[in-house]
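Notes follow once the structure below has been shown.
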Amino acid sequence: MNFLLQIILVAKSTWARWSSALCVPLALCSILATGCVDQVRMPTEDQLAAFQRSTSIESAVDMDRVRKARLHTGPYRVVRGDVLEFTMPALLRAVTAAQVQAAQGQNAVDAPYICRVSNDGTITLPAAGELKDVVGLSLADIEERVVDAYEGQVILRPSIFARVLEYNTSKVYIAGAVKTPGVYRLRADQMTLVSLLTESGGISEIGATVVRIVRSEDRTSSEDTGRQDAGNVQEPAILLPVVGMNIPFRDVALEEGDTVVVEQIQMPLFTVIGLVNKPGNYEYPPMVKYNLMQAIAFAGGLDLVSEPRYATIYRLAPEGSIVRIPFQLVQENELTEAINTPIRPGDVVAIEHTPRTRMNTMLRNMVHFNTGFYIYGRDIWD
């Protein structure tokens, strides 16, 4: 009986020693089995579709208001306050008998007649009286109107030439990212955004993102209310994006008292973090399109020790939520099409740890020979 008890005790002791000796390799095998895979859950088609719909949050351009501010091309149109000069036969300028007699002489010459367009849009002609509604007419149209006004007083249609002797100007303001901000006076055919930018020296070298045209507080709009007494309703600003940092999206007409604000460019960024050599923030200039591979290249490439195979893009959706989509970069030692995934301003590219990358890092830290040779994870998995 004692002999049998001794055999049992010896067997127990031997099993305890064997089990303790097997714990380490079994645990290591379990860790290795778990660490050889990434365990990344790939997105569904609905998640990918939601990711593609998520765009950078930008100020919207009201194209209706841009179209309403369209330019009026063609010949110059007379405005109130313009000073006009007419070259006409001296007889047409004669009012008194003496002037008529002098005009009929052989030495009579055509002389200029100068008048100003009044606030009610009329000009006064000698002998013919007032000529109404000339505002908005071209010089050729006014010449025809003047000839018609004298038709009953002469036998032959006279030759009359009109030109603008002095242009009425309007005051506009420009501020922000231009070379010479300030107050400018522009004539009617120069009241455009591009003309004002040219007068102010153009957009500065630092560039701009948008141009805001703020209407004067003295001007009111009753379009939205449909009431004639909407005297205190100020029109909203016209927003125009800038193409290539120095070209406005479109040229639009300006009006008296407008304020143009050229907003200085704030370079958008994208971020790369995680298992890369140089994590950080990187500029995303306008008119440039980066993909996932280029973003990782900015960050110095992937960490060679951990050898990550997946990248996760975090993107802000318009409603304020965060869309998170993982992409597989490497499959069977070959790059996948995911490297061509577009990156947008504000995106965060995260090269995150997986069980496999953690095992690679752990093995590298555990097995390090002073000769300078390293054992990488791929040497074990392969």
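The values are calculated or read from the model by the stated rules, or taken from the named source; none is laboratory data. Keep in mind that this is a model prediction, so the values were computed, not measured. Glycine also receives a Cβ, built like all others from the backbone with ideal geometry; neighbour counts cover every protein chain displayed.
Scanning the stretch 162-180 for residues that are touching a residue at least 24 places away in the same chain (Cβ under 8 Å) and farther than 30 Å from T87 by Cα turns up K171, V172, Y173, I174, A175, G176, A177, V178, K179. Taking the residues in the stretch 114-131 that are surrounded by 15 or more Cβ atoms within 10 Å (Cβ to Cβ) and under 51 Å from the mean Cα position of the chain (by Cα) as candidates, determine which candidate is nearest to G152 (Cα to Cα). Per the stated criteria, the residue is L131.
Only one entry of Y310, Y290 meets the criterion of being at pLDDT 90 or above, buried (at least 17 other Cβ atoms within 10 Å of the Cβ) and more than 30 Å from P248 (Cα to Cα), and that entry is Y310.
Checked against (1) basic (K, R); (2) at pLDDT below 80; (3) within 20 Å of N246 (Cα to Cα), R227 passes all but a single condition, namely (3).
Note on the stretch 192-203: residues that are in contact with a Lys or Arg (Cβ under 9 Å, 6 or more places away or on another chain), in contact (Cβ under 8 Å) with a residue 40 or more places away in the chain and buried (at least 18 other Cβ atoms within 10 Å of the Cβ) amount to 2. Taking first residues from the stretch 266-288 that are without any contact (Cβ under 8 Å) to a residue 24 or more places away in the chain and partners that are surrounded by 13 or more Cβ atoms within 10 Å (Cβ to Cβ) and of a type in the set (G, A, S), the Cβ contacts under 6 Å between residues at least 6 apart in sequence or on separate chains come to K278/A299; K278/G300; P279/A299. Residues that are part of a strand (DSSP E or B) and in contact with a helix residue (DSSP H, G or I) (Cβ under 7 Å, 6 or more places away or on another chain) within the stretch 306-355 comprise A311, R315, V323, I325, F327, Q328, I343, V349, listed in sequence order. Consider the stretch 316-336 and keep the residues that are under 18 Å from R41 (Cα atoms) and charged (D, E, K, R). The one that is surrounded by the fewest Cβ atoms within 10 Å (Cβ to Cβ) is E332.
Apart from one condition, H72 fits all of (1) at pLDDT below 90; (2) within 41 Å of the chain's Cα centre (by Cα); (3) surrounded by 14 or more Cβ atoms within 10 Å (Cβ to Cβ); the exception is (3). Looking only at the stretch 147-175, which residues are surrounded by 17 or more Cβ atoms within 10 Å (Cβ to Cβ), at pLDDT below 90 and not in a loop (DSSP other than H, G, I, E, B)? The one that is surrounded by 17 or more Cβ atoms within 10 Å (Cβ to Cβ), at pLDDT below 90 and not in a loop (DSSP other than H, G, I, E, B): A149.
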